[in-house]
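Any read-out appearing in this document is the output of simple, stated calculations on the displayed coordinates, not a laboratory observation. These figures come from a predicted structure and were not determined experimentally. Virtual Cβ from ideal backbone geometry, glycine too; neighbours counted across all protein chains shown.
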Amino acid sequence: MPSIDQPPPRPARTWASLVGSIRIGQALITVVLVVIGAWRAVGDGVPLPWVLSLSLVFLGWYGGGLLVSDRTADRRLATWWLLGLTLIWLGAVVVSPEFVWLAFPLWLLAGFVMPLRWAVALSVLVFAVVVAAPMVHTGATSYANVIGPLVGGVFALGISRGYLELVRDGRERRRLISSLVATQEEMAALQDELARTQRESGASAERTRVSRDIHDTVAQGLSSIGMLARSALTSDDPPQHARALGQIDALAAEGLADARRIVNALMPAELESTALGDALARMLERLADETGVAATLHADDALPSLGTDAEVALLRTAQSALANVRAHADASRVVVTLADAGDAVRLDIVDDGVGFDATRWDAQGGVDARGGGYGLRSMRARLRELGGGLDVESAPGDGTALSAHLPYRGVS
C-alpha cells in the first residue's frame, strides 16, 4: 500500500492509452467525418445500402480496435488493426471519393501506433490515394485537393508524434522522480548509518577519555593512598600516623572531586582557578611532602596563554609521569620544566631514578616486560590527538626523561 507521502504508482500505458487524453475527441472527429463522407456520397448517387454498410464497417472496426486496445499493449496487433482500417478506407474510397475525408484520422493513428518510418510510409500512401481518388472518379483535380490534404496530413502526423514525445518526456520525468526518491531514501539510510557510526565513535572516544582521566587522577590518587597507608602501618610513630591520615584525607577529597568532574567532563580541579604553572607547583610540593623527593619546577613566565585542551593534556601528562616517579622510579630528585619552544609548548620531566629500557618499551608498542606502560601510552595518545607528541629517554640505572610537546596551532 502506498504511503501518505508518496502518490500511488500509475498503471502502465498501453499503445492506445498513449492517446487517452485526446482519444474521445479523435473518435468524435472520426464519427463526424464518416457522417460527412456518407452524406456526400449519397448526394453523389452512391446507393444508400453501400454507404451505410461501408460506414458501419469502418466505425465497427475503429471502435473494436479501441476496445481491444484497453486490454492489450501489443504494438504489433495495433499495427495490423490500423492496416485493416486502412484497407476498409481504401474500399470506401473506391466506392466514393467523398470518403477521403477519413484520411485525417488515419494520419493521426499512424503517428500514434507505428514507428516513425512506417508511419511516414503509410501517411504518404494515404496522401497518394487522397490525391488520386478525385482524378480516378472524375478525371480532374485541383490545387486545393493537393495542398489541403498535404497540410492536413503533415499537421495530423506532427500532432501525433509531438504528443508521443510529450508522453515519453512525462515517463522520463516520472522515472527520474522515482530514481530521485529512491536515492533520497538511500541517502537517508546512509545518514542514519553515519549517525549510528558517529554515535558509536563518540561513545568509544568518551570511554577512552574516561579511562585516561581515571588512570591519571583517581587511580594515581588511590595508588598514593595505598603507599601512604602501607607506610603508616609499618611505623610506630603516632605523629607520622596522623600526618599520613591527613595526606590520605586530602588525596581522597581530590580523587572524589576529580571523579565528579570526569563524569561531568569539566575542567580538572587543579585548573579551575589557577594557571597550569601553579597547578604543577602544587603537584610537586605534594610529591615532595609525601615522598621526600626533591622536586623543582622551572616555568617560563613568558609562556603564551594556552587553551583548556592543552592545559588539561599537559596536566594529565605531569600527573601520570609523577605517579610513575612515586611508584617505580625510586628517585631522589625530579625536575619539571614548562617552557616556550618557539612554535610549541614543551613540558619536560626528568628524574634520577632506576630508569628502564625505553628502546624495548617502544619496540613492544608501549608495554613493558611486566605488562605495564598504560600511563605512557595514554600520555602519548592524548598528546597526539592535539597534534603533539611524547618522547621518552631512559636506561636502567640512568633515570628517566619525558618530553611532551604541543604545537600552539593545535591547542585550544
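Observations
- Sequence-distant residues sharing a close amide H with G307 (under 5 Å, placed H): S412
- Built amide H within the under 5 Å cut-off of A344, gap 5+: Y408
- Loop trypsin sites (Lys or Arg not before Pro), the stretch 44-138 (other Cβ atoms within 10 Å of the site Cβ: 14 or fewer; DSSP): R71
- Rg and Dmax [Cα atoms of the stretch 279-322; Å; Rg one decimal, Dmax integer]: 11.6, 33
- For A294, nonlocal amide neighbours, meaning residues 5 or more places apart or on other chains whose placed amide H falls under 5 Å from its own, are R333, V334.
- Fewest-first ranking of S394, S204, S53, using other Cβ atoms within 10 Å as the exposure measure: S204, S53, S394
- Working note: Karplus 6.51/-1.76/1.60 with θ = phi - 60° gives the stretch 377-384 the couplings 5, 5, 4, 4, 5, 5, 5, 5 Hz, where Gly and Pro are set to x.
- Rounded to the nearest Hz, the phi-derived 3J(HN,Hα) couplings of the stretch 53-64 under the Karplus curve 6.51 cos²θ - 1.76 cosθ + 1.60 (θ = phi - 60°) are 4, 5, 5, 5, 5, 4, 5, x, 5, 4, x, x, where x marks glycine and proline.
- Sequentially through the stretch 338-343, phi angles give Karplus couplings (6.51, -1.76, 1.60; θ = phi - 60°) of 10, 9, 8, 10, x, 9 Hz, Gly and Pro residues having no value and appearing as x.
- Summed residue charge, Cβ within 9 Å of T337's Cβ, Lys/Arg positive, Asp/Glu negative: -1
- Over the C-alpha atoms of the stretch 17-141, the Rg to Rh ratio, Rh being the Kirkwood estimate, stands at 0.97.
- Most positive-pole-ward Cα, P115, V100, L67, against dipole of the stretch 17-141 from beta carbon charges: P115
- When +1 charges are put on Lys and Arg Cβ atoms and -1 charges on Asp and Glu Cβ atoms, the dipole computed for the stretch 17-141 relative to its Cα centre reaches about 300 debye.
- Packing-based ranking, highest mean first, of 380-387, 176-183, 319-326 given that Cβ atoms within 10 Å are counted: 319-326, 380-387, 176-183
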